[in-house]
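I have placed the structure first, in the form of C-alpha cells, so that the comments after it can refer back to it.
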Amino acid sequence: MTAEADELICTHEPDFPVAVLRATGRLGFATVPMLRNAAQKALTDHPEVLLIDVSRLHADDDITLTAFPMLARQGVDTGTDVLLVGPDQRLHQQLERLGIARQVPVHRDPEAALAAHARLPGPRRMEVELSPEPDATRAARDLVDRACEQWKVGPLADTAALIVTELVANAVEHAGTPIQVSVALRSRHLHLAVRDESPLPLERSGGEDEEPGRGLLIVEGMSSAWGCVQTAGGKVVWATLRLHPRR
C-alpha cells in the first residue's frame, strides 16, 4: 500500500499474542493523532506484544516521534510491550537524537524484535489444548485454579474460573473446533484467552433468553476488559481481571 506524500496510512494486523501496526507515509503534526488512535485501538486487544512497523515511515519533525514513548507507556497499562521495527537510517538517527530509542526498543525487523523480546522475562503463563467436548469447561477451570494458586492470586480464582467457563462453553457450542486456553499473569492484570479455529460471527439480534449473549454479558460484567480478535487461523476471545482494584 502506498501513501501520498502528505498522508499517513496505519494498517492494523491483529493477532494474539503478537499484533502488528504498519505506519506508512509521513508523520507530521496533522497525522500524529491518526497514529495514536490506531495504536490505541490495537492496544485495546491486549496483545502481549505490539510491533509498530516504521520501515516506510518518515517524520517531518523530530518532536512528532515523541508519540512513541507515550504509546509505550500506555502499553504498560495493558501489559503490552510496544516495539518499533524497521526504521531506515534517517529515522533511526532521529529516534536516537531524541533519546526515544532508549525509551522504546527499536529493532531492524520483526524477527529480531521477537527474538530480543523472547530473551526478556515474560508473563507467567499456563496453557492447555482442549477438544470441543462438554468437559472442556472443567479442564479450563482446573487450569485457572492451578494458575491462581501457584501465582498467589487466589482472590481472583472464582471470578476467573467463571469467566473462562463462559468463554470455553461458547467455543464448544459455536465453534466446535480444537480450543486453546491460556492464562497469563501480567504486571497489572490476570489475562484469560480462548482461541478457536472459527471466524468471528456476523452480528445478529437475538432474544432475551439467547444463551451465548447471556454468557458474554457475564464476561463483560465480571472482567476489567474483554474483547475478540480475528486471527489468521480463527479468533481469540480474551478477558482481563485487574490484580489490584482501582483506588
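The values are calculated or read from the model by the stated rules, or taken from the named source; none is laboratory data. All figures in this text were calculated on a predicted structure; none of them were measured in a lab. As a convention, Cβ positions derive from the backbone with ideal geometry for all residues, glycine included, and neighbour counts pool all protein chains shown. Areas reflect the complete protein model, heavy atoms only, side chains present, ligands, DNA and RNA absent. Shrake-Rupley method; radii C 1.70, N 1.55, O 1.52, S 1.80 Å.
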**Q.** Net lengthening on full extension, E96/M222 (0.36 nm per residue, minus Cα-Cα)
**A.** 41.0 nm
Q) When all protein chains stay in place, what accessible area (Å², nearest 10, 1.4 Å probe) is found for W238? A) 0
**Q.** Förster radius 25 Å - calculated FRET efficiency between M70 and M126, Cβ distance, rounded to 0.05
**A.** 0.15
Q.
Can you give the local net charge around E13? Use residues other than it whose beta-carbon is closer than 12 angstrom to its beta-carbon, Lys and Arg +1, Asp and Glu -1.
A. -2
**Q.** Accessible area (Å², per residue) of the chain, counting only protein heavy atoms and a probe of 1.4 Å
**A.** 53
Q. Non-local amide H neighbours of S224 (under 5 Å, H modeled in plane, Pro and chain starts lacking H): which ones?
A. T240, L241, R242
**Q.** Label-point separation in nm, L162 to R119, each point 7 Å along Cα→Cβ
**A.** 4.5
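Under the rule a/c < 1.5 gives rounded, and otherwise a/b versus b/c splits prolate from oblate, where does the stretch 59-211 land using the Cα gyration tensor?
prolate
Carbon and sulfur: what percent of the chain's accessible surface (1.4 Å probe)?
Working: 6590 of 13020 Å².
C and S atoms contribute 51 percent here.
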Q) Per-residue accessible area for D61 at 1.4 Å probe radius, Å² rounded to 10? A) 60
Q) How would you order 22-29, 134-141, 190-197 from highest to lowest mean count of nearby Cβ atoms within 10 Å? A) 190-197, 22-29, 134-141
Q. How long is the gain from A139 to T177 if the chain were fully straight, where each residue apart is worth 0.36 nm and the alpha carbon distance is subtracted?
A. 12.1 nm
